[in-house]
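Contents: one structure, followed by commentary.
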Amino acid sequence: MNQSDLNRNSCMLQGSLAKKGYIRWFHSFTGIQEETGESRTFFIDYFIINPALGCEQPVLGQHPYFKKKGMRPSYVMVKAGIFPGENGEAGRQFNAFYPISSLKATGSPLVMQIEECFYSENHITGFVEVSPEEARHRSFLSNAGWMEWDLEVHKAVACHTGILSGAFFRAVKGLESFWHGEGIRSFFRGTVTLNGTAYQISPDTSYGYADKHWGRSFVSPLFQFASCKITGARTDRELKHTVLAVNGCCPRFLCFPLRRRLMIQLTYMGEDYEFGFVKPFLFSKQKWEVKETNKRFIWHITAKNKTAVIRISCSCTKEQLMRLRYETPEGQRLKSPLWSGSAGTGTVQLYRREKGGKELIDTLKLENGVCRWRQ
């Protein structure tokens, strides 16, 4: 699973997906405000929807004019913002919309230019501003404010989904939504300015993450959790070459719902442990449950393969989650919210399987976990 695949990270809205499909490249990273020492986590999305329906202006699916004419959305959106803080600071998201005609893109490796916003595999820059007047319009799905960024990116660890996002499944549009984690452990360097406040982003404290979703619709339920700020009990120190990524959903193959599954990758001190699709069409054994309290979402996961067992307990408070706003290729707002945040915490127990039992390798403490949850 720890396999870089830049072809899979390119733009894949061809065929029927060009008229009814979306694609989004998501980035998350932590920055520090030098004067106060405040630490906050930011996110940046490059999002394309229904490109074959585009014209010389962005077609917003929530706008009354386009709704009246029965037009489905078609645009490039750059979404930038900040997740809720530890002390109750609100999260913010700023959406800038551009016509499909403004997009200039290469194949693989992907390079995109959308007016003042730029994307490549190792460098992202941009500026997004939403006025109070624009934010009052329901069709913008946005807060008021602005954000500017200039960041170098090094994607060090990947999570490759194998056959599930392979050429056959993509050719037959077999799944409603595909996923590829090109940078589940990423290092960011540069600056972000949010509403006039500058933040410095350094590789060792960026705790970066980058992935990609694309398909016909947003799957539900969806669960994702990723953390690279991990402390090991054996050494009692932060482990630099360690990351956990969990991706869980209930996809549909053609029109048939598949069994709810998780893909789990733990890279522990440079060694990869994979739980999920260990061979084509062969699942590892898994058990997971979701609990909701008045203040938290809590996930308990147990999985095993031929050589190892992993037990994960992770959670995130509701006040540190925010609803990221998108519309579907059909032009509807998401019926159930996509809760997202960067304050996930938890523990991982990793065991080595042996005859007659198992041996504990390490107990890991997770912090700064990127959470995405949709029921």
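The values are calculated or read from the model by the stated rules, or taken from the named source; none is laboratory data. Worth saying up front: this structure is predicted, and the values here are computed from it rather than measured. Cβ sites come from the backbone with ideal geometry, for glycine too, and all protein chains shown count toward neighbours. Only protein heavy atoms, including side chains, enter the accessible area calculation; ligands, DNA and RNA are left aside. Shrake-Rupley method; radii C 1.70, N 1.55, O 1.52, S 1.80 Å.
The table that follows gives values for the structure above.
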read-out	value
Karplus 3J(HN,Hα) series, Hz, for region 113-122 with 6.51 cos²θ - 1.76 cosθ + 1.60 (x for Gly, Pro)	10, 10, 6, 7, 9, 10, 9, 9, 5, 10
Solvent-accessible surface (1.4 angstrom probe) belonging to MET269, in square angstrom, nearest 10	100
Accessible area of the chain belonging to carbon and sulfur atoms, whole % at 1.4 Å probe	50
Positive-end residue, region 294-356 charge dipole about Cα centroid, Cβ charges, pick of TRP339, LEU324, ILE298	ILE298
Estimated dipole of region 1-115 in Debye, rounded to 20 [Cβ of Lys and Arg +1, of Asp and Glu -1, Cα centre]	940
Gain on full stretching of the segment that runs from THR36 to GLU129 - 0.36 nm per residue minus C-alpha separation	31.0 nm
Surrounding net charge for ASP204, when Lys and Arg each add one and Asp and Glu each subtract one, Cβ distance under 11 Å	+2
Residue-by-residue Karplus 3J(HN,Hα) for region 21-36, coefficients 6.51, -1.76, 1.60, Hz, glycine and proline x	x, 9, 8, 9, 9, 10, 10, 9, 6, 10, x, 10, 7, 5, 5, 9
Backbone HN-Hα couplings from phi across region 13-19 [Karplus 6.51/-1.76/1.60, Hz, Gly and Pro as x]	9, 10, x, 5, 5, 5, 9
Exposed GluC sites (Glu not before Pro) absent - longest run of the chain, DSSP non-H/G/I/E/B, at most 11 other C-beta within 10 Å	57-375
Residue with peak Gaussian network fluctuation, the chain [Cα springs, cutoff 10 Å], from ASP45, ASP211, ASP236	ASP236
Anchor LYS20: lysines whose Cα lies under 24 Å away (excluding residues fewer than 8 positions away in-chain)	LYS67, LYS68, LYS69, LYS79, LYS104, LYS173, LYS212, LYS335
Residue (of GLN265, TRP146, CYS117) at the positive-pole extreme of the chain, dipole from beta-carbon charges	GLN265
The chain - charge dipole about Cα centre, Lys and Arg +1 at Cβ, Asp and Glu -1, debye rounded to 20	2160
LYS67/LYS335 FRET efficiency (R0 22 Å; Cβ-Cβ; nearest 0.05)	0.85
Reachable lysines, given that their alpha-carbon falls under 28 Å from the alpha-carbon of LYS355 and they are not under 8 places away in the same chain	LYS279, LYS285, LYS287, LYS304, LYS306, LYS365
Three-way shape label, region 117-156, alpha-carbon gyration tensor, a/c 1.5	prolate
Anisotropy class of region 1-138 from Cα gyration tensor, a/c 1.5 cut	oblate
Residues with amide H under 5 Å from that of SER342, placed H, sequence gap 5 or more	CYS371
Between region 329-349 and region 1-54, the Cα center-to-center distance that results, in Å	15
Average accessible surface area per residue within the chain, 1.4 Å rolling probe, Å²	44
Three-way shape label, region 288-332, alpha-carbon gyration tensor, a/c 1.5	oblate
Inter-site label distance for SER313 and TRP146 at 7 Å from Cα along Cβ, in nm	4.7
Farthest positive-ward along region 44-137 dipole, Cα basis, beta-carbon charges - from GLY88, VAL128, GLY61	GLY61
Exposed-loop-free span, longest in the chain, where trypsin sites (Lys or Arg not before Pro) count as exposed if DSSP calls them loop and at most 14 other C-beta atoms lie within 10 Å	137-233
